[in-house]
Each structure stands twice: as C-alpha cells, then as structure tokens.
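Quick note: the coordinates plus some simple rules give every number you see, no bench work behind them. Everything numeric in this text was worked out from a predicted model, so none of it was measured. So basically every Cβ, Gly included, is an ideal-geometry build from the backbone, and we count neighbours across all protein chains shown.
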Amino acid sequence: MEVKYKNKSVEAWEISKTNEQPDWVKQAFKENYLSWYDDRLKILLTGINPTAKRNIKLGIMNGILSLGQGFGGTYAMGNIGDVLDITNGTVVSNKYFKKHYSSKE
C-alpha cells in the first residue's frame, strides 16, 4: 500500500500470512529476502527495493549497533500485524503505523 510518512510517499505492507501481497512482497519471498520463522518474518532489508543511500545508512547503523554483520546484510524481524515500510527500510508496530502514517490522498 502507498501511504504518507513525514509528508513523503512510502510503500508499506502489513505483515500477514493471509492478506494480499503486493508484487514487491511476492518477489522478495521468491528471492528469499523475506522468509517465515513460525509467525515471525525475517527481512533482508538491503535486498528489497534497494537504494544506495538507504543501504549505506542501514549498513552504517548496523555496524554501529551490532558487530559482525556490517554491510553484508541488515536483517530485521517482524511479527504478524507489524508493518514493513520498505521505502525507509524499517519495521514498525501497527500502533506506531496508525499514529504516524496516513493514507495517501
């Protein structure tokens, strides 16, 4: 779904095993950038909809926050009901999503 966050258009998907998947989500599952671990979704953020600027930011933050992964891959875990904001490369809770994101008008 396309929504607005901080007055910018972003692409997001509510994590679910049953709701409709946009094409980019289907492709990410096909390429193993998304994979289920029981009811949690493992997400390779640097593989989905990559942009150099975002991947550098994710790589730098990952290098600072957790040693060992560096630029090789930045993973996030999401629970069913969380929202994957792929434009910004983040997973947010449904509560945060409802409060800070708005429908694109």
For Thr46, distant residues with modelled amide H under 5 Å away: Thr74
In nm, to one decimal, how far is the Arg40 label point from the Met1 one, both placed 7 Å along Cα→Cβ? 2.5
Can you work out the Karplus-derived ³J(HN,Hα) for every residue in the range 18-23? Use 6.51 cos²θ - 1.76 cosθ + 1.60 with θ = phi - 60°, whole Hz, and x for glycine or proline. 10, 6, 5, 9, x, 4
